[in-house]
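Heads up, the thing below is written out as structure tokens.
The values are calculated or read from the model by the stated rules, or taken from the named source; none is laboratory data. Since this is a predicted model, take the numbers as computed values, not measurements. Cβ sites come from the backbone with ideal geometry, for glycine too, and all protein chains shown count toward neighbours. When the accessible area is computed, the model is the full protein with side chains, heavy atoms only, and any ligands, DNA or RNA have been set aside. Shrake-Rupley method; radii C 1.70, N 1.55, O 1.52, S 1.80 Å.
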Amino acid sequence: MSFLPSPRPLRGPRRRSLLASAAGAVGAAVLVGCTGGPGSGEPGADPSAAERVRARAARDSEDLAARYAAVIAAHPGLAERLGPLREEVVRHAEAFGAVRASSPTASGTASAASPSVSARAAGPADDSGAVPADEKGALALLVGAERRLADRRAGALLDVPGELARLLASVAAAGAAHVFLLTEG
């Protein structure tokens, strides 16, 4: 039995090796930003600064969940698309320390959130106090909010202890994924 060479000549690296090296590089970059240094939970780290970052992250997630709720209320046709993203944002708020008030509703459109989210859900969705009348504009409002929040969280990574930095990185990545999902389709 003879072994013939592959009919396709190998040209450059394979897809799998490229993906593996890219994933490794991203993981290494995140780990470098998330461990070591003065904010890594080592003696001398400022726990009050970390708590302030955690509290702000919880409030930011609550505010974002309120924006989602306001858009869903103004555009019920988007509820199926936005409901799961809003629920994830509520879980982010909980991960940062916010407390969930009740269980999700059966409809899935007015999902439960913390008391402050529920209280603000009917409030203004942006600084002008209104959700855009068209669905495209309402989605753009959410995209902008998700982008700004993901950028702010990514910027705070080096200033907080390791576990909080990892949580911020994870939630910032989820926010970037939300931006992608909101801009597709």
Q) Residues in segment 163-185 that are open to solvent by 30 Å² or more (accessible area, probe 1.4 Å) and of a type in the set (A, V, I, L, M, F, W, C): how many? A) 6
Q.
On the basis of being at pLDDT 95 or above and open to solvent by less than 10 Å² (accessible area, probe 1.4 Å), does A73 make the cut?
A. no
Q: Output the residues belonging to segment 134-162 that are surrounded by 14 or more Cβ atoms within 10 Å (Cβ to Cβ) and among the charged types (D, E, K, R).
A: E135, E146, R147, R152, R153, D159
(Q) For a quick check of your reading of the model, give me the residue pairs whose first member lies in segment 133-148 and is farther than 15 Å from S61 by Cα and among the small types (G, A, S), whose second is open to solvent by less than 10 Å² (accessible area, probe 1.4 Å) and outside any helix (DSSP H, G or I), with beta-carbon atoms closer than 9 Å and at least 6 apart or on different chains. (A) A138/A125
